[in-house]
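This report refers to the structure that appears directly beneath it.
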Amino acid sequence: MLFSNKELKKLILPLVLEQFLVILVGMIDMIMVSGVGEAAVSGVSLVDNINILIINISAAMATGGAVVVGHFLGQKDTENAGRAAWQLIFFSTIVAAIISVCLVVWHKPLLRLIFGQVEEAVMSSAVTYMTITAISITPLAVYNSCAAIFRAMNSAKTTMWISIFMNIVHVTVNSILIYGVKIGVAGAAISTTISRTLAAAIILYLLLDPNKLINIKGKVTWKINGELIKKILYIGIPNGMENSLFQLGKIMLLSLISTFGTYAMAANAVCNTLAGFNILPGQAINLALLSVAAVCVGAGDYKQTRYYTKKLLVLAIACTGAISLLLLIFAPWIMKIYNLSSEAEVLAVRVIRYHAAMAVLLWMPSFTTPNTLRAAGDVVWTMVIAIGSMWTFRILTAYAFSNYFELGLMGVWIAMTIDWAFRAICYEYRFHGCKWEHCMTEKIEHSG
């Protein structure tokens, strides 16, 4: 077996803790900002959705880099794995820097274009938050690229410790700037930027260690290696298009949600944070599965690829089920800490309980299984299904539920789970077939 239970545990547990910290700090962040008012919560939430759209570009390239590096590791070629690692970091930094400059320069027209109907107080918070956090996109791209490389060499413990440090810095600076200096939304944005920059510097420094299985020592060059970038983008571009269009669709839905009133926007923001906690094990296992499956594919062992996919899928469902049970029971008490209005609180409890029930049934097959397909290079098919399902079932259905059935925010979340159901059916059908196994065969043989 390519991965023992001990090695899987070594990979997955740090990722779970890391994802937990990200969600926990996100919740703390939202609680801190909520003290400034619902307009601040709504403004930060709106910008976070735009930032996620941009960040998905670097995350997609990190995914492409992790797959390419994993294939090289499966072939026992650590030298080319190191070269691919540096090319990933270098190219991601260039792209992120360009995007960051564009956001700083054109943030106001972008926000007005997407969220022009929101209240002025919400827009003011959004402008402040976006202007500052745009600067953090470049260091975050560096961090995401490096973290993907560490996961590829089964060293998730390193990213876990850096994440702990980053989140401690974030919460500490947040507390000082929001409660001490009292600069509200600006304080949250500044703490985010500082923590991401420090994390990027640390993890990049660690990759210079020549004793690492994958390292960039002696491989740093200011020239783009077209062949390696092409391999990375082969995975990254379809995945980036999928994630970006997915997030664009979510932003469109936010425009719809903004018409329901500030209370619905605040409830949606809180539910998004708790939903992230709900699917936390799945998110961590998704990252682990991508690395595991990529190594198996690189070694040409598809029997083990299937075995690990099924094993990790069952684990993700079991863990998500446990968290869903907690949310179903304790949702009313959890909402008390967010300082929501009574109307927003009732709506948020209803939405998060629905999400908790459906996540156990549908989230894993619709978001975990396709990571194996991506690791095998079956990226175009997964992209088409994801985009088609998103825009057909989630977007159109959400608008129909809102305009014709007057379901409001609840209708948007119901439409989301219909999207999950369709994806789950398509991805499970594809996985149980054999076509995905042949997607990378020619590329692997060519590289050999």
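Nothing in this text is a laboratory measurement; each read-out follows from the coordinates by a stated rule. Owing to the predicted nature of the structure, the values given are computational and were not obtained by experimental measurement. We place every Cβ from the backbone using ideal geometry, glycine too, and count neighbours over all the protein chains shown.
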Treating the beta-carbon of each Lys and Arg as +1 and of each Asp and Glu as -1, no other charges, what is the dipole magnitude of the range 185-304 about its Cα centre, to the nearest 20 debye? 320 debye
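Would you mind working out the magnitude of the charge dipole of the range 5-447 relative to its Cα centre, with +1 at each Lys and Arg C-beta and -1 at each Asp and Glu C-beta, to the nearest 20 Debye?
940 debye
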Once normalised by the length of the range 5-447, the mean sequence separation of its alpha carbon contacts under 8 Å that are 6 or more apart gives a contact order in percent of 22 percent
Tell me which residues come under 5 Å, amide H to amide H, from Asp378 once H is placed; ignore anything under 5 positions away on its chain. none
How would you rank Trp381, Trp333, going from fewest to most other Cβ atoms within 10 Å of each one's own Cβ? Trp333, Trp381
The range 396-443: which GluC sites (Glu not before Pro) are DSSP loop and have at most 12 other beta-carbon atoms within 10 angstrom? Glu406
Which listed pairs, of Lys9/Lys311; Lys76/Lys217; Lys9/Lys435; Lys9/Lys230, have C-alpha distances above 23 Å, in listed order: Lys9/Lys435; Lys9/Lys230
Could you give the spread of the C-alpha atoms of the range 5-447 along their three principal axes, from largest to smallest, in whole angstroms? 59, 46, 39
Describe numerically, in nm with one decimal, the distance between label points set 7 Å from Cα along Cα→Cβ at Thr392 and at Phe405. 1.8 nm
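Work out how much length Ile94 to Glu343 would gain on full extension: take 0.36 nm times their residue separation and subtract the Cα-Cα distance, in nm to one decimal.
85.1 nm
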Could you work out the relative contact order of the range 86-221? I mean the mean sequence separation of Cα pairs under 8 Å and 6+ apart, divided by the number of residues, in percent. 28 percent
